[in-house]
Amino acid sequence: MKIRITPFIIFLVFGLTGCQSVWQAPVPNGEIVYEGEGIYNTSGHLLGFVDPSGENNQIIEPDRQFDKPVWSANGEFLYGLTGATGSYMGFPAYWDLENGRFGVCKRNFHFFEQIQGSGNSANPYEIIVQDVWTVIVIDLANCKQTKTLVDYSTKPGLYSLAGFSYFAANQVLVYGEVVNPDTQQREYRLVSMNVITGIKKILAEGINPAWSPDGSQIAYIGLDGLYVLDVNLAQSSPRQVVALPFINPWEGGSPWSRVTIPSWSPDGKWLVYHRCNTARVCSWEDSKIYKIPSSGGKEETILERGEYPSWRP
């Protein structure tokens, strides 16, 4: 495996839209972006780009945090979370790789746990973010919230959110919902919501959903493994594709907060994710990035020591 260390330099420009900078390095060409930490540098934050085969592993060393990187729908942007210390939460940020721009929205925003592009082709700066109790839409170009999709902020002891995925073509949001999160009698629900009608439906027991590229399936983390649900088949049962736990659901605190978010290959045939060898809280030292056929089959290791992989569309 070849590793190329590519530093880049940040030039800060302050404006009404937040902090911006310039990407100075060549754009890595690996299909899967992931987050790494610690072993290659002292700042503790790395971004990697690797092929699905595990080859062509390219490492860049940002001078700032950029957690949970995900590709935009057009494959030209990276979205991530930055600015937090000691947690996997942060302010919404983006890197426009093709044009070399970085931006982050801090003004009037708090920390979020997950970020995803909205799929709006007319505005690649429109993103969806989730914190502990809300899922909202933000225009990153103007650092402005434009819509609230889910809001449990008035019920903090009753509900907590655990991952989401939005499919723009049918305008359906799927998200993980933890009921009674502060107790060991908590429940984990996978909920779908039509954002036009507001109609909700409980789909399964699980968290951290991910729509397939064609919107026909949802991958998610169940309490005892990785599952795929076919949403086009009436009364279909979830299919378990990885029969190993990613989470200890009854552990104290918020054990769901650092669990992997599955990511689909563009053709829908593969899933990529990170997993530790135990169900305890995962850390970069013992997490590995894997792939598996979405129909089920043999789990394959892509690389050691990486988290939150996202497959380029």
Matching strands (runs of 3 or more DSSP E) fully within segment 164-233 where at least 1 residues are of a type in the set (Asp, Glu), in contact with a strand residue (DSSP E or B) (Cβ under 6 Å, 6 or more places away or on another chain) and within 21 Å of GLN116 (Cα to Cα): 172-179
Top-ranked residue in segment 111-121 [being within 18 Å of the chain's Cα centre (by Cα) and either part of a loop (DSSP other than H, G, I, E, B) or at pLDDT below 90 (or both); ranked as surrounded by the fewest Cβ atoms within 10 Å (Cβ to Cβ)]: ASN120
Residues satisfying the stated conditions in segment 234-245, i.e. part of a loop (DSSP other than H, G, I, E, B) and polar (S, T, N, Q): GLN235, SER236, SER237
Filter result for PRO124 (at pLDDT 90 or above, touching a Phe, Trp or Tyr at 6+ places or on another chain (Cβ under 8 Å) and crowded, with 16+ Cβ neighbours inside 10 Å): yes
Restricting segment 194-222 to residues that are in contact (Cβ under 8 Å) with a residue 12 or more places away in the chain and loosely packed, with under 12 Cβ neighbours inside 10 Å, the residue that is farthest from PHE164 (Cα to Cα): ILE196
Segment 146-167 - residue that is touching a residue at least 24 places away in the same chain (Cβ under 8 Å) and either of a type in the set (A, V, I, L, M, F, W, C) or over 17 Å from ASN180 (Cα atoms) (or both) and, of those, surrounded by the fewest Cβ atoms within 10 Å (Cβ to Cβ): LEU149
Selection count where residues are modelled with pLDDT of 90 or more and outside any strand (DSSP E or B), scope segment 77-93: 0
Cβ pairs under 7 Å, 6+ apart, first in segment 129-143 and closer than 15 Å to TYR166 by Cβ, second among the small types (Gly, Ala, Ser) and assigned to a loop (DSSP other than H, G, I, E, B): THR134/SER153; VAL137/SER118
Exclusive hit being of a type outside the set (A, V, I, L, M, F, W, C), at pLDDT 80 or above and under 25 Å from LEU271 (Cβ atoms), set ASP51, ASP96: ASP51
Residues being free of Cβ contacts under 8 Å to residues at least 60 places away in the same chain, aromatic (Phe, Trp, Tyr) and within 21 Å of GLU177 (Cα to Cα) - total across segment 223-268: 2
Set THR183, THR146: member being at pLDDT 95 or above and out of contact with any Phe, Trp or Tyr (no Cβ under 6 Å at 6 or more places or on another chain): THR146
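The values are calculated or read from the model by the stated rules, or taken from the named source; none is laboratory data. Note that this is a predicted model, so its numbers are computed, not measured. As a convention, Cβ positions derive from the backbone with ideal geometry for all residues, glycine included, and neighbour counts pool all protein chains shown.
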